[in-house]
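See structure below.
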Amino acid sequence: MSAELVLSGAVFIGLALAIPTIMVLTAVFGPRSGGEAKNAPYESGITQVVGMADQKFSVKFYLLAILFLIFDIEAVFMYPWAVSLRELGVFGFIEMVVFILLLLTGLIYILKKGVLNWR
Amino acid sequence: MSALDILIILLRVAFGAFVPLSFVAVLVWMERRGAAFFQDRAGPNRCNVYGIRAGGLIQNLADGIKLIFKEDIVPGHIQHKLYFILAPMLVFITALLCFAVIPFADVLVLGDREYVMQAVPMDVGILWFLAVVGFGVYGIILAGWSSHNKYGVLGGLRAAAQVISYEIPMGLSLVSLLAVYGTVDLSAIAQYQGQLLFGFIPAWGFVLQPLGVIIFIVAAFAETNRTPFDLAEGESEIVAGYHVEYSSMKFALFFMGEYVAMFVSSALIVTLYFGSYQIPWLSTETLVAHARPVVILLMIGLPVIAYFFAGWIKKNNRTHYYRADDPRSRETAIYVSLLWSLVVVLEVILLIYLIFAAGGAADRILVLLLQIGSFLIKTFLMCFVYVWVRWTLPRFRYDQLQKIGWEKMLPLALLNIFITGAIIVSFS
């Protein structure tokens, strides 16, 4: 790594980390007043809290996260392939078509199983 | 490193950090006035400082000051206060860090040194962008979860699911683009787009990847949680989603983060598909070689543009008010005189350049400034597309959103890779 890259990276990341500290301003200038209503979860004006935040949520979200992992790793494999496609030629292209077809079959299976059916 | 090196590094970093920030104000203004324009009303136009309203921009200043003087509330039911405070910072920081790799002008050659015009001159641009964008999800889901509010949790979950779903079509549409350009370096991608196809069409990304550009733009809208994909904060269903418990500057950071993300993804769309900083048909070499004619054209063009702009200002600002001494009645005169004095200053600078400095480093710096202008104008127009879409299209339902992502965009992106790959392999 060159010194140029290190210096610019350090200054930029430092700035990006420093700017959000303007959040402190409102703690200094803002008024302070407590109150029971302010300490309760926001409920669109209903004073009694209905339902808990730590309730169960749909299993679809977990399935989606796993699917994301599979297809994102697929994409990660494709970046080096894409950049060097011209050198790889026809053989590399056919290899990738086979790889994509395998994953496409998986996607079709997932869709047929109704995993992404949100009703 | 010489002093010049350090100066240029600092200027680059300052540009990369403060241009997105100053664009936040412009974008908020554009959003409001754009909304007003699409809904046939006036929008914010009352706030003024001694009669100067700047077309409504002063409203942003007033809102910023209001947010600073709000009470800093951390509701009592929140158990993880650290995460609660960390979440808006994370959203903002990740949005800003993405801009580090966007090139805003061509490589500046001064003497025997070459300066890559990115805030941080990394040659793995797109990979950095994808990695940092992925981090943004943590901020959102942390905000939703630590709010300990059922709307917050639902909003955070929805946002996370949506962002990761659309990251796949986004990544895959990039694959075919990278196959065309043959590099992941955004600077090299921008230089590639300075070429001409068949001698007369600029080789911009959207010409080379007509399907990819549509997939990428749609995915970028979903990534930034903008309408029609703003399910995460759908006010008709879950109030405000993940930032329901936030107020004052903590809310402002989410707000700024959203607009910085919008600016950065516009900049990336421009960089990848709309020729980055390139001025159509005028490559960097052409501009440097013909710096004098360009300057003379600018010197003629500036007063003409200023004349029409001044006419537009006069047409759109009222001059008569009920109170005779209303400070706003002087506004138009102030704008017009400011505009003309700016033109005079620029003309003098250009004249000095023509007489004394033409040739050598000054040419290159001039071209650099022109390209920065071109880049900012293109990004501004792309941001307007974001506003345009927001006030034109209604919000999707959540199952429709996931259906589009997985059943339409993912196969389309794979098809795009297949077609692009086949064309590249058969022609090389």
Exercise. State whether the residues of segment A:94-104 include one that is under 23 Å from B:Leu157 (Cβ atoms), aliphatic (A, V, I, L, M) and in contact with an Asp or Glu (Cβ under 8 Å, 6 or more places away or on another chain).
Key: no
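If the requirement is being farther than 30 Å from B:Leu4 by Cβ and among the β-branched types (Val, Ile, Thr), which of these qualifies: B:Val91, B:Val132? Steps first, please.
Numbers: B:Val132 fails: farther than 30 Å from B:Leu4 by Cβ.
Unique residue meeting the criteria: B:Val91.
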Quiz prompt | Residue list for segment A:1-37, filter: surrounded by 11 or more Cβ atoms within 10 Å (Cβ to Cβ), of a type outside the set (Gly, Ala, Ser), more than 18 Å from B:Leu86 (Cα to Cα) and more than 7 Å from chain B (Cβ to nearest Cβ) | solution = A:Val6
Quiz item: Any idea which residue in segment B:379-428 is surrounded by the most Cβ atoms within 10 Å (Cβ to Cβ), counting only those that are away from chain A (no Cβ under 14 Å) and in a loop (DSSP other than H, G, I, E, B)?
Solution: B:Arg395
Exercise. Tell me, yes or no, whether segment B:200-213 has at least one residue that is in contact with a Pro (Cβ under 7 Å, 6 or more places away or on another chain), within 29 Å of A:Leu63 (Cα to Cα) and among the β-branched types (Val, Ile, Thr).
Key: no
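Just give me the residues in segment B:186-204 being surrounded by 22 or more Cβ atoms within 10 Å (Cβ to Cβ) and within 14 Å of another protein chain (Cβ to nearest Cβ), in sequence order. Steps first, please.
First pass over segment B:186-204, keeping only residues surrounded by 22 or more Cβ atoms within 10 Å (Cβ to Cβ): B:186-187, B:189-190, B:193-194, B:204.
Correct list: B:Leu186, B:Ser187, B:Ile189.
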Exercise. Would you mind finding the one in B:Val120, B:Val153 that is among the aliphatic types (A, V, I, L, M), facing chain A (nearest Cβ under 8 Å) and under 26 Å from B:Ile238 (Cα atoms)?
Key: B:Val153
Quiz item: Does B:Met117 satisfy the criteria of being outside any helix (DSSP H, G or I), aliphatic (A, V, I, L, M) and surrounded by 24 or more Cβ atoms within 10 Å (Cβ to Cβ)?
Solution: yes
Quiz item: Considering segment B:94-147 alone, what residues qualify as being over 30 Å from B:Phe84 (Cβ atoms) and of a type outside the set (A, V, I, L, M)?
Solution: B:Pro103, B:Phe104, B:Asp106, B:Gly111, B:Asp112, B:Arg113, B:Glu114, B:Tyr115, B:Gln118, B:Pro121, B:Asp123, B:Gly125
Exercise. Taking B:Phe23 as the residue in question, decide whether it is among the aromatic types (Phe, Trp, Tyr), out of contact with any helix residue (DSSP H, G or I) (no Cβ under 7 Å at 6 or more places or on another chain) and at pLDDT 85 or above.
Key: no
Practice problem: Sort through B:Arg330, B:Arg323, B:Arg364 and tell me the only one that's more than 14 Å from chain A (Cβ to nearest Cβ), more than 30 Å from B:Leu172 (Cα to Cα) and not in a helix (DSSP H, G or I). | Solution: B:Arg323
Quiz item: Is it the case that A:Phe61 is facing another protein chain (nearest Cβ under 7 Å), closer than 29 Å to B:Asp399 by Cα, in a loop (DSSP other than H, G, I, E, B) and at pLDDT below 85?
Solution: no
Self-check item: Residues that are touching a helix residue (DSSP H, G or I) at 6+ places or on another chain (Cβ under 7 Å), of a type in the set (Lys, Arg) and assigned to a helix (DSSP H, G or I), drawn from segment A:69-119
Solution: A:Arg86
Self-check item: Failed item in (1) at the interface with chain A (Cβ under 10 Å from one of its Cβ atoms); (2) within 30 Å of A:Gln55 (Cα to Cα); (3) buried (at least 22 other Cβ atoms within 10 Å of the Cβ); (4) aliphatic (A, V, I, L, M), with B:Leu177 passing the rest
Solution: (2)
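Quick check: anything in segment B:158-166 touching a His at 6+ places or on another chain (Cβ under 9 Å), at the interface with chain A (Cβ under 10 Å from one of its Cβ atoms) and buried (at least 24 other Cβ atoms within 10 Å of the Cβ)? Talk me through it step by step, then tell me what you get.
Looking only at segment B:158-166, we keep the residues that are touching a His at 6+ places or on another chain (Cβ under 9 Å), and these are none.
Checking segment B:158-166: not a single residue is touching a His at 6+ places or on another chain (Cβ under 9 Å), at the interface with chain A (Cβ under 10 Å from one of its Cβ atoms) and buried (at least 24 other Cβ atoms within 10 Å of the Cβ).
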Quiz item: If you take the residues in segment B:52-98 that are part of a loop (DSSP other than H, G, I, E, B) and touching a His at 6+ places or on another chain (Cβ under 9 Å), which one is surrounded by the fewest Cβ atoms within 10 Å (Cβ to Cβ)?
Solution: B:Gln79
Quiz item: Hey, B:Leu231 hits all of (1) more than 20 Å from the chain's Cα centre (by Cα); (2) more than 13 Å from chain A (Cβ to nearest Cβ); (3) within 30 Å of B:Ser146 (Cα to Cα) but one; which does it fall short on?
Solution: (2)
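The values are calculated or read from the model by the stated rules, or taken from the named source; none is laboratory data. Because the structure is predicted, anything quoted here is derived from the model rather than measured. All Cβ positions, even for glycine, are placed from backbone atoms using ideal geometry, and neighbour counts span all protein chains on display.
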